[in-house]
Ligand SMILES: [Zn+2]
């Protein structure tokens, strides 16, 4: 019995937890959402179980601007995502509302080609992939 070796498994989809559900629910709607501590007001990174400022565990959810600055950039020339040819540009972005929070996004539009850390970026979300949308760097729309 033989199995086809040409089958490409789909891109793994995130499994939302109590901490990450606001982020992924927002992503599905194309909105960048993070939790905000009800005690001290600090934003929490998607995976943080507690507030990094006061260790509080009660949060509201804020919709953010999507504005960010470039922190770092990696170009993968391997086929790192199923069904996607390389190179894959992975970008670390510090969000405007709290630059201590760094999110990872893909840059399919080439906005960060030749960019230096600190360049302003606009984050958004890519097309629906099995009910999930992943963070992407949006194409530049001119001066900000
Ligand atoms: Zn707090």
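The single residue among 28, 18, 45 that is in contact with a strand residue (DSSP E or B) (Cβ under 7 Å, 6 or more places away or on another chain) and more than 10 Å from the ligand (Cβ to nearest atom) turns out to be 28. Of the strands (runs of 3 or more DSSP E) lying entirely inside region 58-144, those containing at least 2 residues that are in contact (Cβ under 8 Å) with a residue 60 or more places away in the chain span 120-125. Evaluation of residue 36 against the conditions (1) out of contact with any helix residue (DSSP H, G or I) (no Cβ under 7 Å at 6 or more places or on another chain); (2) in a strand (DSSP E or B); (3) under 23 Å from residue 15 (Cβ atoms); (4) within 16 Å of the ligand (Cβ to nearest atom) shows that the sole unmet condition is (3). Scanning region 79-132 for residues that are more than 21 Å from residue 27 (Cα to Cα) and in contact with a strand residue (DSSP E or B) (Cβ under 9 Å, 6 or more places away or on another chain) yields 79, 80, 86, 87, 110, 112, 113, 115, 116, 117, 118, 119.
Look at region 27-54: where a residue is assigned by TED's automatic domain parsing to the domain that holds residue 105, no partner that is in a loop (DSSP other than H, G, I, E, B) and more than 8 Å from the ligand (Cβ to nearest atom) sits 6+ places away or on another chain with Cβ atoms under 6 Å. From the list 133, 73, 67, which one is within 16 Å of residue 11 (Cα to Cα) and surrounded by 12 or more Cβ atoms within 10 Å (Cβ to Cβ)? Being within 16 Å of residue 11 (Cα to Cα) and surrounded by 12 or more Cβ atoms within 10 Å (Cβ to Cβ) holds for just one of 133, 73, 67, which is 133.
The values are calculated or read from the model by the stated rules, or taken from the named source; none is laboratory data. Worth saying up front: this structure is predicted, and the values here are computed from it rather than measured. Backbone-built Cβ (ideal geometry, glycine too); neighbour counts: all protein chains shown.
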